[in-house]
Ligand SMILES: Cc1cc2nc3c(=O)[nH]c(=O)nc-3n(C[C@H](O)[C@H](O)[C@H](O)COP(=O)(O)O)c2cc1C
């Protein structure tokens, strides 16, 4: 029986276990949307995840929607990411970059020359973003012209090329949470009358072009996609036929042989089962013909739910978001069924090391040696699953 702690090869990526660190925006990039040394420490601390999906990262200045998010559209950013991928690889971890265009979830103060954000529509979202002034209503967007869309597709592919140049093991396209791809997919948002709007095939066109361009640029075995078929976040109204839309999206994607699909079940950060949706219907469509690709599930997973998801075969990997914020050694804590530390929600977005890199690991002594959690021998013991005695909290042995 396959367990959460077993290694997995999906696409061209080999991971030591099936626990994914979900992408988490933390708004700590430097001026010029540059990744920082503090970010390298943060990701290095979490490198025992089978795969880290690094935080959403804009593919262009226009793709930015929040203050302090990193970019992957110039040489300085690409160089700076290299320090982060090196730090994770030195711990034998794997890291993919989440490629992001926010579309209309932005504010003129974050856009080049104060221009309007762009979207599939000119209708403003009833949503907020995080600017230099704190939380503000998003700005009214401008609907993209049909002839501008190839530029954005090319920027996604260029972001993917840069991500691989920066040492990432792969990329995850952000097709979730009401951002640009969903603004094209859902008929509740997309009000276009050109070849990118109207019929289901037309609404699928832009996301499919993005995925095909990236797969052609870096290889499908390093390319994944994140989806959230029914999430309401960022004013993403339900599609009139979400099941049909996402079934067909997956059917069209299957021949590309992507490395993974990462699906947020239900309302991101909220109820997983509030809106009826058959996720297994998507998984079976994807896995048919893609047996070595990973089906990653997310949203509100506990240890017990994650173990069950992998052991039952309903998922190949499980992504944890909030638990990774306050538990850098989450993999070890899950492995040994240790208590999880609570997250401080005051320090999520922006700031310094507080609430970012200062969450402690449990102290631990691998049996027969004297090393703390985080030391090389701890990492090796945690990966191999050999017996480890946890000192802090309840003492447990495998
Ligand atoms: C602080 C914070 C930042 C997030 N940033 C992103 C992001 O950059 N990209 C994304 O796709 N989801 C983002 N999410 C959603 C998480 O990846 C995840 O889907 C959500 O937290 C539910 O998983 P969990 O219950 O394991 O936390 C974010 C969530 C939180 C709490």
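Here r is the Cβ-Cβ distance between residue 124 and residue 243 and R0 is 30 Å; the resulting FRET efficiency, rounded to 0.05, is 0.60.
The calculated FRET efficiency for the pair residue 145 and residue 27, based on their C-beta separation and a Förster distance of 22 Å, comes to about 0.10.
Ranked by the mean number of other Cβ atoms within 10 Å of their residues, highest first, the peptides 213-222, 164-173 come out as 164-173, 213-222.
Here the spin labels are modelled as points 7 Å beyond Cα on the Cα-Cβ line, and at residue 199 and residue 273 they lie 3.8 nm apart.
What does the extension gain come out to for residue 91 and residue 109, with contour length at 0.36 nm per residue minus their alpha carbon separation?
2.6 nm
Taken over the alpha carbons of the chain as equal point scatterers, the Debye sum produces base-10 log I(q)/I(0) values at 0.14 Å⁻¹ of -1.24. Listed peptides 231-240, 58-67, 270-279 appear in the order 58-67, 231-240, 270-279 once ranked by packing, highest mean of other Cβ atoms within 10 Å at the front.
FRET efficiency for residue 344 and residue 302, Cβ-Cβ distance as r, R0 = 22 Å, nearest 0.05? Once rounded, the FRET efficiency stands at 0.65. Each DSSP beta bridge with both residues in the chain is either parallel or antiparallel, and the antiparallel ones are about 25%. Taking every alpha-carbon pair under 8 Å whose residues sit at least 6 apart, the chain reaches a relative contact order of 15 percent. Only helices enter the 222 nm calculation for the chain: every DSSP H run of n ≥ 4 contributes -39,500 (n - 2.57), and dividing by all residues gives -9000 deg cm²/dmol, rounded to 500.
Any read-out appearing in this document is the output of simple, stated calculations on the displayed coordinates, not a laboratory observation. Computed from a predicted structure; not experimentally measured. Reconstructed Cβ throughout: ideal geometry from the backbone, glycine too, with neighbour counts over all protein chains shown.
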